[in-house]
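Here's the structure, in structure tokens; my notes come after.
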Amino acid sequence: MARPAKFNSSDILDAAARLIARGGLRLATVSTIAKDLGAPTGSIYHRFASRELLLARLWIRTIHRAQAGFLEALAIPDLDQAALAAATHIPRWSREHLDEARVLLLYRRADLAARWPDELGQELADLNVQVEEAVRDFTRRRYGRLTASDLQRVTFALVDVPYAAARRYLLAGKPPPAGVDDLVAQACACLLDGQG
């Protein structure tokens with residue numbers, strides 16, 4: 001009878017995120033991940049075929065975790081509260097989960113899909129489906145219609161601006177300061193209340 005695994009896939013991904021936060025991508029090797037966990041390298045390869053695939057899985061998991069609060073925010077019935085919570089979600093989440101937030105910078109979805117079409121293709125194709133649907137639903141609720149210009153405005157206000165605001169700090173290895181939330185909120189309000 002096989003022994004139960006001491007470390008699961010989530011433990012391995014957590015260790016990789018810690019190492020990336022501590023020393024960048026190059027520090028997150030299979031051997032350093034194993035050492036961080038106190039596990040044999042074979043247990044890492046048992047779950048992940050390669051270091052690159054492990055890091056891609058970490059990126060996907062991080063995207064889902066970051067998206068969860070955004071989706072909750074957009075579901076708030078009050079439209080102004082929903083917009084504010086959604087727009088400030090990524091800067092807040094990045095401050096609270098700095099190690100994970102830095103992982104968001106590692107890849108682009110198209111690059112991973114091209115590299116692992118069989119292993120990750122469908123998962124990557126579906127990666128933003130819920131967010132896209134939620135943004136479309138919010139746009140309909142906000143404007144009573146769904147036009148291309150309204151959708152572009154909402155996407156820019158709730159997705160593009162907050163991500164760009166947080167990214168600048170994450171690239172420097174720092175959490176976005178709390179003042180970024182106010183700036184993002186102001187930009188969001190101006191954009192959503194603007195006339196298209």
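The values are calculated or read from the model by the stated rules, or taken from the named source; none is laboratory data. Treat the numbers as computed from the prediction; the structure is a model and nothing was measured. Methodologically, a virtual Cβ is constructed for each residue, glycine included, from the backbone with ideal geometry; neighbour enumeration extends over all protein chains shown. For accessibility, only protein heavy atoms count, side chains too; no ligands or nucleic acids. Shrake-Rupley method; radii C 1.70, N 1.55, O 1.52, S 1.80 Å.
Relative intensity of the chain on a log10 scale, I(q)/I(0) at q = 0.12 Å⁻¹, equals -0.66, per a Debye sum over C-alpha point scatterers of equal strength in the absence of solvent. Counting only protein heavy atoms and a 1.4 Å probe, the chain has 54 square angstrom of accessible area per residue. For the chain, adding -39500 (n - 2.57) for each run of n ≥ 4 DSSP H residues and dividing by the number of residues yields -22000 deg cm²/dmol at 222 nm.
The dipole here belongs to the range 70-123: it is taken about the Cα centre, uses +1 on the Cβ of Lys and Arg and -1 on the Cβ of Asp and Glu, and is about 260 debye. A Cβ-based charge dipole, computed about the Cα centre of the chain with Lys and Arg at +1 and Asp and Glu at -1, lands at about 660 debye. A cut-off under 13 angstrom between Cβ atoms defines the neighbours of Ala66, and their net charge, with Lys, Arg +1 and Asp, Glu -1, is +2. Using the Cβ of Arg153 as centre and a radius below 11 Å, the other residues enclosed give a net charge of -2, where K and R count +1 and D and E count -1.
I'd like to know which of Pro91, Pro77, Trp59 lies farthest towards the positive end of the charge dipole of the range 34-128, counting +1 on Cβ of Lys and Arg and -1 on Cβ of Asp and Glu. In the range 34-128, that residue is Trp59. An oblate overall shape is assigned to the range 119-181, the ratio a/c of its alpha-carbon gyration tensor axes (a ≥ b ≥ c) being 1.5 or greater and a/b not exceeding b/c. Per atom type, the range 49-164 shows carbon and sulfur on 51% of its accessible surface, probed at 1.4 Å. Can you tally the net charge around Arg22? Count Lys and Arg as +1, Asp and Glu as -1, for every other residue whose Cβ sits under 15 Å from the Cβ of Arg22. In short, +1. Entry note, the chain: relative contact order of 22 percent, from Cα contacts under 8 Å with a spacing of 6+ residues.
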